[in-house]
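Asker: Pasting a structure below so you can have a look.
The values are calculated or read from the model by the stated rules, or taken from the named source; none is laboratory data. Since we're looking at a predicted model, the values are computed, not measured. Cβ placement follows ideal geometry from the backbone for every residue including glycine, while neighbour counts extend to all protein chains displayed. With ligands, DNA and RNA removed, areas are computed over all heavy atoms of the protein, side chains included. Shrake-Rupley method; radii C 1.70, N 1.55, O 1.52, S 1.80 Å.
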Amino acid sequence: MTQTPAASPRAPFPFDNSYARLPQAFFARQTPSHAEEPWLIKLNEPLAEELGLDVEVLKRDGADIFSGNLLPDGADPLAMAYAGHQFGSFVPQLGDGRAILLGEVIDRHGKRRDIQLKGAGATPFSRRGDGRAALGPVLREYIVSEAMHALGVPATRALAAVSTGQPVYREQVLPGAVFTRVAASHIRVGTFQFFAARGDVDGLKALSDYVIERHYPDLKDAANPYLGLFEAVCERQAALIARWLHVGFIHGVMNTDNMTVSGETIDFGPCAFMDEYDPATVFSSIDQNGRYAYASQPGIGQWNLARLGETLLPLIDADSDKAVEAANVFIKDYGERFQIHWLRGMREKIGLSSVEDDDLDLIQSLLSIMQAGQADFTLTFRRLSHLAGDDGRQPEFLATFREPEAAKEWLSRWRQRLWREMTTDAARSAAMLSVNPAVIPRNHRIEQAIVAAVEEADFSLFEALLDALAKPYEDHAEFTGYTQPPKADERVLKTFCGT
Ligand code: AMP
Ligand code: MG
């Protein structure tokens, strides 16, 4: 289903805008605001190719297109309506206050993808916001979303970053920028809540049918497609959040408006990767009660999915008791689904290919020792992967822990378990190296890249970090620095929102 871009230099996008064909209540049409002096910081050329876009045109006109100054032919710019629970409180109308969907393209794999500008000016949903974005959060989203993709975690993608040449006014005056995001869709749990809050069952049905068609076409013939939709979203979110835990990712703002129904990670605001393992880790400056702490994410996922389930009740069954009963089955199941995904990935992380009852205990005891020993999450598993193929690397592994004695005992228990595996050491080590990354976007590295860009207009650290993150499961001597945790004076303990 390859589509070729139109020949006109003003039409490098083969748009087909299905969301814009939905009823009026779904969105507000909005053209992007003008940027004074746009400059293309970064174009993701491989992604542009994958989307079937004309890369040469984008290299030439990217600053104008990705700032919103030049609307490509076929774009139908709009801001999407949605509601959401923010830190547990329901807001019946949020919507895209600083994002404008340009349109959708069918990529080279036949998949429909949204192309959205973030920071291109106010929309009818902006309330008191300016609809603009600052350079720092734009670079952060670029880095982290591309890193997640390279790690194999479903996530929205970064197509471009543009500097606007205009200041944005926050607590300080900051350089402005626009981020171009690509998503399987931007439909959120909060999109369903928007219609449910208005008692608009027709709108809900139109939305659900649209989501089934776009993301879960196999459900069209199911006995109850809406119940099927709920189950499918629960499954994808269970799998997604398990992946976050496997790589030490903390989303930071798991509000229902920041949870997709496609199963992609979205909205990289105050998100961060953990260095030392501690399940209570929180980075976001606005998460004072630790609602979205690392280990709370699976439970919050379930809470958000329960909110989605509530919106679907009138479509699931005309008898509300029966609808509640049917939806509850999947809310309860979610815990088990999550556990299956999490445990499968954790078994892989410690090199087990067979299944034994005691594996959970073996994994949990490693995590406890890591926590007590203030071990770096990423380095522990990477070094264990190397140790699996070469006993000589044991001192390096043990050095990850403050108190190596407990880690040594754990290793002997682990080795006893490995005797009952049918794999060679070399194969086990290779398999572990392919799931335990060497390079993650460590907070201090992101911070250094942002500071250089914002204060000195120096994008070399940003570029270098992106290069290091592109192949996270390989060891490259030139990227060794990026595998290391922060030194005491480099530690970043707080992260901030994109606003
Ligand atoms: P977020 O924190 O990105 O999930 O955004 C929450 C809500 O605030 C969404 O409705 C955003 O569109 C809106 N918002 C965030 N930043 C701005 C801004 N600078 N201008 C207008 N609306 C914004
Ligand atoms: Mg959001």
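Asker: Name the residue that is farthest from the chain's Cα centre (by Cα), counting only residues in region 62-116 that are in a strand (DSSP E or B) and of a type in the set (Lys, Arg).
Answerer: Ranking the qualifying residues of region 62-116, first place goes to Arg112.
Asker: What residue, of Ala438, Ala468, is modelled with pLDDT of 95 or more, assigned to a helix (DSSP H, G or I), in contact with a His (Cβ under 9 Å, 6 or more places away or on another chain) and among the hydrophobic types (A, V, I, L, M, F, W, C)?
Answerer: Being modelled with pLDDT of 95 or more, assigned to a helix (DSSP H, G or I), in contact with a His (Cβ under 9 Å, 6 or more places away or on another chain) and among the hydrophobic types (A, V, I, L, M, F, W, C) holds for just one of Ala438, Ala468, which is Ala468.
Asker: Only residues that are of a type outside the set (Gly, Ala, Ser) and open to solvent by 90 Å² or more (accessible area, probe 1.4 Å): list them for region 476-488, please.
Answerer: Glu478, Lys487
Asker: Still on this model: Considering (1) part of a strand (DSSP E or B); (2) open to solvent by 30 Å² or more (accessible area, probe 1.4 Å), say which one Ala133 fails and leave the rest.
Answerer: Every listed condition holds for Ala133 apart from (2).
Asker: Go over the candidates Arg491, Arg442, Arg420 one by one and state the one that is among the basic types (Lys, Arg) and open to solvent by less than 20 Å² (accessible area, probe 1.4 Å).
Answerer: On inspection, the qualifying residue turns out to be Arg442.
Asker: Considering each residue of region 21-50, count those that are of a type in the set (A, V, I, L, M), closer than 19 Å to Val105 by Cβ and out of contact with any strand residue (DSSP E or B) (no Cβ under 9 Å at 6 or more places or on another chain), and give that number.
Answerer: So the answer is 1.
Asker: Which of the residues that make up region 488-499 are more than 16 Å from ligand 2 (Cβ to nearest atom) and touching a residue at least 24 places away in the same chain (Cβ under 8 Å)?
Answerer: Listed by number, the residues that qualify are Glu490, Arg491, Val492, Leu493, Lys494.
Asker: Something else: Going through region 82-124 one residue at a time, which ones are over 15 Å from Phe179 (Cβ atoms), out of contact with any Asp or Glu (no Cβ under 8 Å at 6 or more places or on another chain) and open to solvent by less than 10 Å² (accessible area, probe 1.4 Å)?
Answerer: Gly95
Asker: Would you check if there is a residue in region 378-396 being open to solvent by 70 Å² or more (accessible area, probe 1.4 Å) and either in contact with a Gly (Cβ under 7 Å, 6 or more places away or on another chain) or of a type in the set (Gly, Ala, Ser) (or both)?
Answerer: First, pick out the residues of region 378-396 that are open to solvent by 70 Å² or more (accessible area, probe 1.4 Å): 390-391, 393, 395.
Filter once more, keeping what is either in contact with a Gly (Cβ under 7 Å, 6 or more places away or on another chain) or of a type in the set (Gly, Ala, Ser) (or both): none.
Within region 378-396, none of the residues are open to solvent by 70 Å² or more (accessible area, probe 1.4 Å) and either in contact with a Gly (Cβ under 7 Å, 6 or more places away or on another chain) or of a type in the set (Gly, Ala, Ser) (or both).
Asker: On to the next question. Of the conditions (1) away from ligand 1 (no atom under 16 Å from the Cβ); (2) of a type outside the set (Ser, Thr, Tyr); (3) in contact (Cβ under 8 Å) with a residue 12 or more places away in the chain; (4) within 22 Å of Glu213 (Cα to Cα), Ala79 satisfies every one except a single condition; which number is it?
Answerer: Failing condition for Ala79: (1).
Asker: Here is a further query. Which of the helices (runs of 4 or more DSSP H) contained wholly in region 370-430 include at least 2 residues that are of a type outside the set (Gly, Ala, Ser) and under 32 Å from the mean Cα position of the chain (by Cα)?
Answerer: Ranges flagged: 377-389, 394-398.
Asker: One residue is enough: does region 286-300 have a residue meeting the conditions within 16 Å of ligand 2 (Cβ to nearest atom) and modelled with pLDDT under 95?
Answerer: Yes: region 286-300 contains one or more residues that are within 16 Å of ligand 2 (Cβ to nearest atom) and modelled with pLDDT under 95.
Asker: Being touching a residue at least 60 places away in the same chain (Cβ under 8 Å), more than 12 Å from ligand 2 (Cβ to nearest atom) and of a type outside the set (D, E, K, R) is the filter here, so list the residues in region 249-264 that pass it.
Answerer: Listed by number, the residues that qualify are Phe249, Val261, Ser262, Gly263.
Asker: Would region 276-286 turn up any residue that is open to solvent by less than 10 Å² (accessible area, probe 1.4 Å) and more than 21 Å from Leu207 (Cα to Cα)?
Answerer: yes
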